[in-house]
Structures are given as structure tokens and as C-alpha cells.
Amino acid sequence: MRRVGTAAAVIVAAVALTACGGEERSGAEAKGGGRSAVAADQATVTPDAVRGDIRAAVAAGGFGSPRFVAAEALLSTCEVGAVVRAGTKPDPKAVTKVVAGLEDRGWRETRQRSSAAADGWRLEKDGWMLTLVAGTVSEKSVSFGPAAEQQGGAEPFEGLAFRGVGGCSAPSAAAAP
């Protein structure tokens, strides 16, 4: 039970990383390879494009298809949520491939946190922030939308959880399964 509590703290921290700007940057930007979060072409990143990036990255890691949260269950049309149930704590090498897959599609890692139960990353792309949490966390921690407090239980969730938030100028299409 203690492990689930620690993992829940990782999820809360990961969500906080997404919500807060901050100036902390990782290796790529520190070396001059990063772009501004307020890029001139930020309107080109849409919720559909973010879902495509997640699908491609998950495939690169060898995981099954992500389950996307229905658009009406999210707080904004400029939000994307997805989970991949693994049944066990995801293999760190496979998760590294997921992060690399996102980087290959233009996402820039800005923060990474680890605990015994889960690892979390914050990545940015053209005004969007994407949080990835991989590991064992409470089911409630991967619930989305305004009714998240009533969703999910205390049983563990093992897999990958994604939450993307950004600016978008075009309405999002309904989330694909």
C-alpha cells in the first residue's frame, strides 16, 4: 500500500510539472537544442497530432495501442489523455524507447523524475506540454476530467499514462479509441 501512495505522489508531481512553467531544462535545451515553448507555429500542433505522436511513440516502445480518453471527459478541447495498460510495471528499456519516439517527433524533454514505483517525464512541443508517467500508480491517479475524484479506485494501475495540454486554434475531433 505504501508503494501505491508513493506512486500517487509521483503522478501528482507529474501533473504539477505539466501545469507549472518553470525554467528548469534538460540536456537538449541546455546545449542549445531546444525551441521556445511559445513557437510561432504552435497552432500546427493539434490534439489529433498529439494523439498521433503518442500512438507512434507507444508503438516504438513495443506496447499495445493506447486507450484515449473521450474528448467530452476532458476539461478542454486542447487536452489529450491516454493510458496503456501493461499488466506489470513497464520495462524501463521499452519506456526509454517511448520517450525517444516522442523526441523523434519533435517533443523536447524538459523534466524527468523517478521513484521506486514510477518514472515521470514532462516534454514540450510548440506550446504543448505532455506528461508521461510509467510504472505502478493508483487507478485514481490516471483518471481524467472533472469527475476524476469519483473515477477509478485505489487498486494499482500498471502501465503508461499520458496527459497533454496546449493551445490550439482548431476544434478537436472526438478522441479515437
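So, in segment 63-83, exactly how many residues are in a strand (DSSP E or B), farther than 16 Å from residue 141 by Cβ and among the small types (Gly, Ala, Ser)?
We begin by selecting, within segment 63-83, every residue in a strand (DSSP E or B); these are 67-68, 79-83.
Those left that are additionally farther than 16 Å from residue 141 by Cβ: 68, 79-80.
Those still in the list that are among the small types (Gly, Ala, Ser) too: none.
Qualifying residue count, segment 63-83: 0.
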Restricted to segment 29-88, and to residues that are open to solvent by 60 Å² or more (accessible area, probe 1.4 Å) and among the hydrophobic types (A, V, I, L, M, F, W, C), which residue is modelled with the highest pLDDT? 59
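The values are calculated or read from the model by the stated rules, or taken from the named source; none is laboratory data. This one's a predicted model, so the numbers in the text were calculated from it and none came from an experiment. Glycine also receives a Cβ, built like all others from the backbone with ideal geometry; neighbour counts cover every protein chain displayed. Remember, those area values only see protein heavy atoms, side chains included, never the ligands or the DNA or RNA. Shrake-Rupley method; radii C 1.70, N 1.55, O 1.52, S 1.80 Å.
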